[in-house]
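Chemist: Pasting a structure below so you can have a look.
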């Protein structure tokens, strides 16, 4: 079996189970990469939940509180 090296640190080996799932990073590099991404889930009034990844989308979303810009 061929060793699959992490494509970020090039020192650690990627576990076979992770590689089969499509991951090309080792666990520590994948953890660091995942912590960089932030998401916020906002409940809308009398509606569903919406995932917000941009702060500009969040401002003025609740029309009950007045117009924001």
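Nothing in this text is a laboratory measurement; each read-out follows from the coordinates by a stated rule. On a predicted model such as this, the values are computed, not experimentally measured, just so you know. Note that each Cβ is placed from the backbone with ideal geometry, even for glycine, and that neighbours are counted across all protein chains shown.
Chemist: Expressed as a fraction of 2.2 N^0.38 Å, the rule-of-thumb size for a compact globular protein of N residues, what is the C-alpha radius of gyration of region 16-57?
Modeler: Against the compact-globule rule of thumb, the ratio is 1.72.
Chemist: Using mean Cβ contacts within 10 Å as the protection proxy, how do 20-29, 49-58 order, highest first?
Modeler: Per-residue Cβ counts within 10 Å, averaged per peptide and sorted highest first, yield 20-29, 49-58.
Chemist: Find the relative contact order for region 1-58 and round it to a whole percent, using C-alpha pairs within less than 8 Å whose residues are 6+ positions apart.
Modeler: Relative contact order of region 1-58: 21 percent.
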